[in-house]
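Input: a single structure, listed below in structure tokens.
What follows draws every value from the coordinates through simple rules; no lab data is involved. Source: prediction; values computed, not measured. As a convention, Cβ positions derive from the backbone with ideal geometry for all residues, glycine included, and neighbour counts pool all protein chains shown.
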Amino acid sequence: MIDVKHIYKTFYVPHEVKALVDVSNTIEAGEVVVVIGPSGSGKSTFLRCLNRLETADHGQIMVDGVDIFDPKTNINTVRAEMGMVFQSFNLYPHLTVQGNVTLAQKLVRKRHKKEREEKTRMLLEKVGISAKAKAWPSNLSGGQQQRVAIARALAMDPKIMLFDEPTSALDPEMIGEVLEVMKTLAKEGMTMVCVTHEMGFAREVGDRVIFMDEGMIVEQGTPEHFFKNPIHDRTKLFLKQIL
Amino acid sequence: MNPGRQKISSVGLFCKVRYMEQKLSNIKRLSNPIAYFLSVIGFLVLLFMVIGAVYYATVAVDYQWRWFKVPKYFMYKSTITLYAEGYGEIDSIVDNREKKDITVTLEDAGTRTYSVPEGSFDWIEGDMVSPGDILASYEGGWRPGILAKGLWVTLKISFLATIFGILLGIIGGVARVSDTPVLKWSAITYVEVIRGSPLLVQIMIFYFVLGTTMNKILLMNGIPKLDPQWYGIMALSIFTGAYVVEIVRAGIEAIHPGQVEAARSSGMTYFQCMFHIILPQALKTILPPLAGQFINLIKDSSLLGLISIRELTKATREGITTSLQTFELWILCAILYLLMTFTLSMCVQYLERRTATK
């Protein structure tokens, strides 16, 4: 479904950092891929390249057979098929919860009023927040905001969901409610790429774990293999530090 | 908007204000109530001293205050006087409801009939009239005075220039932050050129350079020339627009980049993101500087008197040349400007409070 071929990315501001060095990977439909690694390892950059929020310096990414770095590609149609959830939620503060979930349905999917309202109602119920439909984002807790953000991404009926450290900005007692929603999604067969520090989540629902360090994919495999018998020393060290 | 939310938000606002007051009072406070009271008295004393000093100074130079003559510059009762246009004779005076119809036959202009109120003339049938004779003289109702007209022109010009200024500012601001050189560089050039020369000079250029050429071109094509007011409005809105561009740009750049990423990653185009996500949020933060800009606009409109637009300042000057009530009229003029700017800033504060609750 997503084919990443030899991508490179270097940041020059504020100083030169090689964020991605020759990264290649293939993500199949229905797969739940969990990307882990120390901070600054390039895992967020990798995720953001998948929907061209960052442009790679070299290399190619094919999404459903479409080369997303090709200037002729209409990136908006590709992005509409890929939902994204951010660490800092990024809800639109000038719109209500309902407005947040509805807006892109109206502008991008051109759904009729009835259809998008029905969809919004259904999704808010799914993430367990229908009581807050008329509330403003600033009046919600972090966990609630992140669940709204997930509903907002799902409203586009995406084929792939990208999660960029969705629980890192949350208070510990709110992480569970967000992970619950993500687990439900995984069980429903959604293709997911998650950058996260939640090892429990990786072990429970991940089909494949990718470990990145210094812009490279160091090791990958099934969670059983990855957590029990890591091969590389760098992986062993990382797992020792966090577990 | 549902009433429940508004209620909660106004309570929230009240708490916020109280909190801010407490925070400020922790920095610096007059804890002693007597000291606070004395300080208020001190302010009032100062105020009256200034007013008193001004009054004393005018008495010292023997200025005759005649405020009672001022109202006629706002509203006055007009007198209508009808003159005979030639030699002739009053043919008939006939009742016409509450009025009288006077029919006059003039030697070289034929018969004329005037409908005038009773008691406004002193003729009987058969009287002879000569050119310049007053046929009738009566009150013609209330008319707006020169200051009222000037005030209206100032309001109209400021309002239109504000609308065009906002439009220019938003278009320019969006162009200013775009990556396309033609848009970005045009916006930068516009801002730098307009901000770099005095408004007075720009008004002159608009009227005497642009106005002259445009009016000539219009006349050549058989279109009547534009009123000077329109050149004034153009100059003011283009001048204000340049400042609004920078304000809008600052507002857009203050939006968290995550907002753009969230919008774009859901497949919105650049312009959808701009008009549905960025601008609505930016407009909220730029309201205070925007208000300051439009207050300046109202005051700057006083320069338009130089291109023969009779706005408030020019009207005041004309009023003074006929009445010599220099002090009253200039003070009044200043108060009228103050009223306009103060109303505007009150409206903006109300808007700010409305939007701050979200």
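Over chain B, what is the relative contact order in percent, taking alpha-carbon pairs closer than 8 angstrom and at least six residues apart? Relative contact order, chain B: 17 percent. Here segment B:226-358 is assigned +1 on the Cβ of each Lys and Arg and -1 on the Cβ of each Asp and Glu. Its dipole about the Cα centre then comes out at about 300 debye. Restricting the trypsin sites (Lys or Arg not before Pro) of segment B:134-230 to loop positions (DSSP other than H, G, I, E, B) with no more than 14 neighbouring Cβ atoms within 10 Å leaves B:LYS225. Relative contact order, whole percent, for segment A:1-117 stands at 22, derived from Cα pairs under 8 Å and 6 or more residues apart.
Counting only Cβ charges, +1 for Lys and Arg and -1 for Asp and Glu, the dipole size of segment A:115-243 around its Cα centre is about 200 debye. Once Rh for segment B:38-197 is found with the Kirkwood sum over Cα pairs, what is the Stokes-Einstein diffusion coefficient at 4 °C and 1.567 mPa s, in µm²/s? The Stokes-Einstein estimate is 56 µm²/s. Of all DSSP bridge pairs formed entirely within the protein assembly as shown, close to 75 percent run antiparallel. When the distances between all Cα atoms of segment B:258-358 are binned every 10 Å from zero, what whole-number percent does each bin get? In order of increasing distance, the bins hold 13, 28, 22, 18, 12, 6, 2 percent. Distant-in-sequence amide contacts of A:VAL35, defined by a placed amide H-H separation under 5 Å and a gap of 5 or more residues or a different chain, comprise A:CYS194, A:VAL195, A:THR196, A:ILE210. In sequence order, segment B:220-237 has phi-based couplings of 4, 8, x, 9, x, 6, 6, 5, x, 3, 5, 5, x, 4, 4, 4, 5, 6 Hz under the Karplus curve 6.51 cos²θ - 1.76 cosθ + 1.60, θ = phi - 60°, and Gly or Pro positions carry x.
The Rg/Rh ratio of chain A, with both radii computed over alpha carbons and Rh defined as the Kirkwood radius, is 0.97. Please list, in order along segment B:128-134, the HN-Hα scalar couplings obtained from phi with the Karplus expression 6.51 cos²θ - 1.76 cosθ + 1.60 (θ = phi - 60°), rounded to whole Hz, x for Gly and Pro. Per-residue couplings from phi come out as 8, 10, 10, x, x, 5, 7 Hz.
Seen from a random direction on average, the alpha-carbon convex hull of segment B:292-343 projects onto 3.6 square nanometres. Scoring B:123-131, A:167-175, A:193-201 by mean Cβ neighbours within 10 Å over their residues and listing the highest first yields A:193-201, A:167-175, B:123-131. When +1 charges are put on Lys and Arg Cβ atoms and -1 charges on Asp and Glu Cβ atoms, the dipole computed for the protein assembly as shown relative to its Cα centre reaches about 1600 debye. Between the residues B:ALA262, B:GLY241, B:LEU351, the greatest Cα displacement towards the positive end of the dipole of segment B:210-358, with unit charges on the Cβ of Lys, Arg, Asp and Glu, is found for B:ALA262.
Directionally averaged projected area (segment B:172-219, Cα convex hull): 4.2 nm². The Cα atoms of segment B:50-93 cover 66, 20, 14 Å along the three principal axes, with the biggest extent listed first.
For chain B, report the translational diffusion coefficient in µm²/s to the nearest whole number, using Stokes-Einstein at 37 °C, 0.692 mPa s, and a Kirkwood Rh over Cα pairs. Calculated translational D: 123 µm²/s.
In this simple spin-label model, placing a label point 7 Å from the Cα along the Cα-to-Cβ direction at both A:ASN139 and B:GLU253 gives a separation of 3.5 nm. Computed on chain A, with alpha-carbon pairs under 8 angstrom and 6+ residues apart, the relative contact order is 27 percent. For segment A:169-184, 3J(HN,Hα) computed residue by residue from phi via the Karplus equation (6.51, -1.76, 1.60; θ = phi - 60°) reads 9, 9, 5, x, 6, 9, 5, x, 5, 6, 4, 4, 4, 5, 5, 4 Hz, glycine and proline entered as x.
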